[in-house]
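Only one structure is covered here, and it is reproduced in the block below.
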Amino acid sequence: MIRIGIILGSTRPNRNGPQVAQWVMDAASRRGDAEFELIDLRDHPLPHLDEPVAPMFGPSIHEHTRAWAERIAPFDGFVVVTPEYNGGAPGVLKNAIDHLCAEWTDKAVGFVSYGVHGGTRAVAQLRVVCGTLGMADVSYQVAISLLTDFENHTTFTPRAHHVTALNKTLDQLISWSAALAPLRADTETALVES
């Protein structure tokens, strides 16, 4: 069965992300076409990128990066739940992405974003980053406004159009994750043979 990781991309105190990520997880768990697992970046503290060589050139010498790679590698695709900070993606999320390469390649990614303008500028940046890593970013996304979709800017209140957008995002993500499976199998075979 397809395995999808739901990455919570904020580690700030008093963050709104856990509510949004749990909403995604709850909705996803009601589906029968994939397995879903929540990955909170707070549980995977990584230093600022400290690799002596780029991740595309081989395994890391650092235990923290190897542990992160082992966490990400088994998944076929990802939903990234991201806030928008000052017009971009959180540094901690970009840093977590930058620590790896092969573990992201030939996998699908969808986005659920939140911010004053729905987090769309953060997603625009992440689409470029993910595309550079060989990920297939699905076109549907969920954009949640801090101004209209959170009571008192703190309590997430999803609306019907968010549910519709999330279902479309998950449909496309799962389809693309399945379609990319032969490419991932070829990569795994090549790694075993080398």
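The values are calculated or read from the model by the stated rules, or taken from the named source; none is laboratory data. These numbers were taken from a predicted model, which means no experiment stands behind them. Reconstructed Cβ throughout: ideal geometry from the backbone, glycine too, with neighbour counts over all protein chains shown. These accessible areas exclude ligands, DNA and RNA; they are computed on the full protein's heavy atoms, side chains included. Shrake-Rupley method; radii C 1.70, N 1.55, O 1.52, S 1.80 Å.
Assorted remarks:
- Within the chain, percent of DSSP bridges classed antiparallel, to nearest 5: 10
- Phi-derived couplings, Karplus 6.51 cos²θ - 1.76 cosθ + 1.60 at θ = phi - 60°, listed residue by residue for the stretch 98-104: 5, 5, 10, 9, 4, 5, 9 Hz, with x used for Gly and Pro.
- Label-point separation in nm, His117 to Glu51, each point 7 Å along Cα→Cβ: 3.1
- Local electrostatic count, Ile6, Cβ distance below 12 Å [Lys/Arg +1, Asp/Glu -1]: -3
- Considering only Leu170, Leu49, Leu126, the Gaussian network model of the chain with Cα springs below 10 Å gives its largest mean-square fluctuation to Leu49.
- Per residue accessible area in Å² of the chain, where ligands, DNA and RNA are left out and the probe is 1.4 Å: 49
- With only the Cα atoms considered, the stretch 19-102 has a convex hull volume of 111 Å³ per residue.
- The calculated 222 nm mean residue ellipticity attributable to helices in the chain amounts to -12500 deg cm²/dmol, summing -39500 (n - 2.57) over DSSP H runs of n ≥ 4 and dividing by all residues.
- Size descriptor, Kirkwood hydrodynamic radius, that averages inverse alpha-carbon separations across the stretch 56-136, Å: 13.1
- Charges were assigned to the Cβ only: +1 to each Lys and Arg, -1 to each Asp and Glu. The resulting dipole of the chain about its Cα centre is roughly 600 debye.
- Computed from point charges on the beta carbon alone (+1 for Lys and Arg, -1 for Asp and Glu), the dipole magnitude for the stretch 1-55 about its Cα centre is near 240 Debye.
- Under 17 Å from a label point set 7 Å out along the Cα-to-Cβ vector of Arg15, the amide N atoms of the stretch 124-159 belong to 126, 144, 146, 154-156.
- Under the criterion of Cα pairs below 8 Å and six or more residues apart, the relative contact order for the stretch 110-149 equals 61 percent.
- Residues whose amide H comes within less than 5 Å of that of Val109, counting only those at least five positions distant or on another chain, are Phe78, Ala136, Asp137, Val138 (H built at 1.01 Å from N in the peptide plane).
- Relative contact order (%) - criterion: Cα under 8 Å, at least six apart; region: the stretch 1-122: 32
- Gaussian network model of the chain, Cα within-10 Å springs - most flexible of Leu46, Leu166, Leu100: Leu46
- Over the chain - Rg/Rh using Cα atoms and the Kirkwood inverse-distance radius: 0.96
- If the convex hull is drawn through the Cα atoms of the stretch 99-151, its volume per residue in Å³: 83
- Cα-derived Rg to Rh of the stretch 109-194, Kirkwood definition: 1.12
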